[in-house]
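The values are calculated or read from the model by the stated rules, or taken from the named source; none is laboratory data. Note that the structure is predicted; figures quoted are calculated from it, not measured. FYI the Cβ positions are ideal-geometry reconstructions off the backbone, even for glycines, and counts take in every protein chain you see.
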Amino acid sequence: MLEKYKKSFRKILSYFPEHWREEFNIGYYISMLVFLGVSVYLNYFLLERYTIERWMQIQGYGKEICILYYMIFYGIPFYVGVGLYAFFHKKWEIFSNSEFWIRSLFILLVLSFDACFYYYKFIYEGWESPSMRRLGFKVFGNMSSIVAVFIPLLIFFLIYDRKKLSSFYGLTFKGFDYRPYVILMLLMVPLVIAASFETGFKNYYPTLKYHRIKGLTEIPIWLAYVVYEIVYALDFIWTEVIFRGFMVIGMRYALGAASVGTMSAVYCYRHFAKPMGESISSIFGGYILGVISRKSNNVMGGVFVHMGIALLMELSAFFQWFLSS
């Protein structure tokens with residue numbers, strides 16, 4: 001039994017030297033880390049409360065150009081990442097490939113549309129109870145990716161990738177082995193527990209704050225949390241499909257091995273509204289899952305790990321709240 005887990009884990013470890021033979025360049029790696037380090041510094045220290053992403057959200061005004069702002073926001077790490085790869089690997093032909101521009105502009109548009117998608121508000125904004133409105137905002141906000149992400153990706157898949165790919169951007173149980181991801185999850189447990197003692201973590205998690213729904217009378221609070229946590233966890237399916245699925249498995253036709261580093265840079269920016277430690281860890285976590293998904297042609301492992309870590313963070317936050325109450 002244990003030997004099977006070891007064998008499965010060794011298999012995914014073998015993906016990395018295979019990937020590095022195609023992608024590794026010390027100048028490229030250092031320049032990417034410097035770029036992302038500067039970005040993290042600007043976001044969390046120089047701009048302080050006014051983080052890059054919050055500025056991009058242009059709250060209270062200019063929402064009609066929200067998508068344009070997010071196109072710029074996500075476009076910076078995407079095209080800088082591709083540019084650095086092209087420079088150090090001498091592959092400038094990437095930019096003359098029409099496939100690259102079609103796929104890159106499409107995925108930036110989807111990411112931006114998802115960030116600005118608030119049309120679900122009509123469902124709950126008329127509810128009388130502030131607690132129910134808050135619950136509706138959080139629940140339907142996590143469900144909105146079905147419309148903002150799944151439908152556009154499905155249309156693109158049917159038009160461009162149905163004959164190229166054996167599955168919907170790696171979302172398949174075919175050939176999926178859960179064993180190595182159990183080991184990855186176990187390795188993450190002490191790191192998440194340690195992070196739960198940090199102030200930034202406590203301020204952000206749990207993602208549905210008790211004081212925002214404590215006046216809830218329409219349904220039991222425990223049921224509200226069960227519904228929310230299920231929807232919250234399921235939303236990570238689309239996170240994996242868009243980042244490890246489309247941006248790695250789908251973009252390989254235009255970027256090859258460069259898709260992993262480019263995706264990791266955009267994925268870091270995606271976390272800029274979260275605690276700094278999470279943004280930094282997303283670079284390495286995104287890279288690891290990116291290599292695995294590229295070599296296995298499957299994102300189910302990322303879905304499994306992402307859901308597990310997200311729920312573990314929620315549970316750790318509840319435990320911290322219990323200790324302090």
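So the values come out like this:
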quantity	calculated
The one condition in (1) in contact with a Lys or Arg (Cβ under 7 Å, 6 or more places away or on another chain); (2) modelled with pLDDT under 95; (3) not β-branched (Val, Ile, Thr) that Lys214 fails to fulfil	(1)
Counted residues, the range 300-325 - those being of a type in the set (Ser, Thr, Tyr) and out of contact with any helix residue (DSSP H, G or I) (no Cβ under 7 Å at 6 or more places or on another chain)	2
Search result, residues across the range 22-37 that are modelled with pLDDT of 95 or more and either of a type in the set (Val, Ile, Thr) or more than 24 Å from the chain's Cα centre (by Cα) (or both)	Asn25, Ile26, Gly27, Ile30, Val34
Qualifying residues in the range 110-124 (those that are farther than 14 Å from Pro152 by Cβ and among the hydrophobic types (A, V, I, L, M, F, W, C)) - the one surrounded by the fewest Cβ atoms within 10 Å (Cβ to Cβ)	Phe122
Residues that are within 25 Å of the chain's Cα centre (by Cα) and surrounded by fewer than 14 Cβ atoms within 10 Å (Cβ to Cβ), drawn from the range 86-107	Glu99, Trp101, Ile102, Leu105
Candidates Lys174, Lys138, Lys163 - the one that is over 21 Å from Thr262 (Cα atoms), touching a Leu at 6+ places or on another chain (Cβ under 8 Å) and not small (Gly, Ala, Ser)	Lys138
Identity of the residue in the range 264-282, of a type in the set (A, V, I, L, M) and surrounded by fewer than 20 Cβ atoms within 10 Å (Cβ to Cβ), that ends up nearest to Asp114 (Cα to Cα)	Ala273
Any pair with Cβ under 9 angstrom, 6 or more apart, that starts in the range 167-186 at a residue that is farther than 12 Å from Val299 by Cβ and ends at one that is crowded, with 16+ Cβ neighbours inside 10 Å and β-branched (Val, Ile, Thr)	Asp177/Ile12; Pro180/Ile12; Pro180/Ile292; Leu184/Ile12; Leu184/Ile288; Leu184/Val305; Met185/Val305; Met185/Ile309
Qualifying residue in the range 103-126 (condition: among the basic types (Lys, Arg) and part of a helix (DSSP H, G or I))	yes
Matching residues, the range 124-160, being among the charged types (D, E, K, R) and over 22 Å from the mean Cα position of the chain (by Cα)	Glu125, Glu128, Arg133, Arg134
Of all residues making up the range 115-156, the number that are in contact with a Phe, Trp or Tyr (Cβ under 9 Å, 6 or more places away or on another chain), of a type outside the set (Lys, Arg) and touching a residue at least 40 places away in the same chain (Cβ under 8 Å)	14
Residue list for the range 268-299, restricted to those being closer than 25 Å to Lys164 by Cα, touching a helix residue (DSSP H, G or I) at 6+ places or on another chain (Cβ under 6 Å) and part of a helix (DSSP H, G or I)	Gly286, Tyr287, Leu289, Gly290, Val291, Ile292, Ser293, Arg294, Lys295
